1. Under a plain spin-label model, where a point goes 7 Å from the Cα along Cα-to-Cβ, how far apart in nm are residue 21 and residue 309?
2. Quickly work out the residue 350-to-residue 158 label distance, labels modelled 7 Å from Cα along the C-beta direction, and quote it in nm with one decimal.
3. Mind running the shape call on region 201-283? Use the C-alpha gyration tensor, a ≥ b ≥ c as the square roots of the eigenvalues: rounded below 1.5 for a/c, prolate if a/b tops b/c, oblate otherwise.
4. For labels at residue 36 and residue 234 in the simple 7 Å Cα→Cβ model, what's the distance in nm?
5. Once you have the Cα-Cα distance between residue 284 and residue 53, take 0.36 nm times their residue separation minus that, and quote the gain in nm to one decimal.
6. Note the full-extension length gain between residue 338 and residue 248 as 0.36 nm times their separation in residues minus their Cα-Cα distance, in nm to one decimal.
7. Apply 1/(1 + (r/R0)^6) to the Cβ-Cβ distance of residue 202 and residue 29, taking R0 = 56 Å, and write down the FRET efficiency to the nearest 0.05.
8. Report the full-extension gain for the segment residue 142 to residue 316: residue separation times 0.36 nm, less the Cα-Cα distance, to one decimal in nm.
């Protein structure tokens with residue numbers, strides 16, 4: 001992270017710092033991916049630049065804010081519009097020629113080859129949308145949502161559930177007088193058939209714990225789809241995310257799982273994986289969710305950077321408290337993969353099922369195999 005000394009800040013007025021601070025949000029409206037780190041680097045660069053030569057400032061800022069050839073090509077015009085106030089407007093779609101960049105920068109013909117042509121529409125990068133500058137951490141794959149929801153509902157119907165408070169009008173426990181009389185009215189009031197009743201089962205209880213560390217990024221769209229599907233099934237579901245700490249996101253997944261969840265909406269989640277620590281937080285902070293009929297689904301590749309003893313203790317306590325622990329590992333189907341990492345070796349003795357789930361086909365296979373179906377404890 002860039003830091004400014006007092007001597008460097010003395011050369012910059014408050015107006016200059018404010019203009020640079022507002023430059024990154026303005027660039028994000030035009031498709032750039034700029035944030036606080038780029039702003040701090042740009043302010044630090046101003047302390048070394050000659051502010052009377054705007055072409056020098058433009059070149060420095062161009063190397064800081066531009067990440068792609070398209071951004072590199074369009075940056076001078078955006079810089080001129082923001083700082084120069086010369087009324088540069090791109091009113092129609094056209095291909096910018098190298099001569100345009102030479103006119104704006106005052107460069108020679110030999111410098112024109114450095115600027116590739118780029119399509120622009122009113123100052124926006126062609127093929128970009130202003131929202132594309134916002135980085136999404138989780139977004140469901142809409143192409144597989146329908147199939148995933150159907151399979152999840154099938155899985156929920158096979159899960160163990162506690163006895164509910166309502167009665168079901170079939171069984172051998174008690175006489176259902178109301179249903180018996182209703183049936184008798186169809187046969188001249190004679191109760192030839194006795195209707196029995198029993199307790200209606202409650203909704204299954206599911207706790208879904210998902211790993212969103214960097215190693216799980218390729219599987220994030222499907223995992224988000226899976227989490228969202230549980231919010232649409234008849235189950236009492238609680239969803240948690242973890243990397244270095246645990247975060248409860250049930251309502252967030254239900255509301256924004258399809259539209260997309262940004263990094264800003266997931267505070268405190270940083271790079272790295274500490275599975276044992278996350279499970280220990282789950283046991284300590286949410287004991288009411290972990291009951292004898294609860295099925296805990298852990299979605300992770302098992303690479304744990306925490307202490308092995310903490311992983312062992314957390315898995316042992318979790319397995320003793322809930323009805324079933326199922327580990328969904330997207331790497332299990334990879335050729336030559338063996339669960340020999342420290343985290344997986346500590347967790348395997350306490351798992352009721354260890355299955356490969358990374359797409360619709362493997363999720364269907366796991367559901368039909370009965371991996372999520374648990375007998376009553």
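Every read-out reported here was derived from the displayed coordinates using simple, explicitly stated rules and does not represent laboratory data. Bear in mind the structure is a predicted one, so any value in this text is a computation, not a measurement. Positions of Cβ are generated from backbone atoms using ideal geometry, with glycine treated the same way; all protein chains shown enter the neighbour counts.
1. It works out to 4.8 nm between the two label points.
2. With each label placed 7 Å out from Cα toward Cβ, I get 2.6 nm.
3. Because a/c hits 1.5 or more and a/b fails to exceed b/c, region 201-283 counts as oblate.
4. Label-label distance for residue 36 and residue 234, simple model: 4.7 nm.
5. Between residue 284 and residue 53, full extension yields 77.2 nm more.
6. Taking 0.36 nm per residue and subtracting the Cα distance, the gain is 29.4 nm.
7. The value I calculate is 0.70.
8. 59.0 nm
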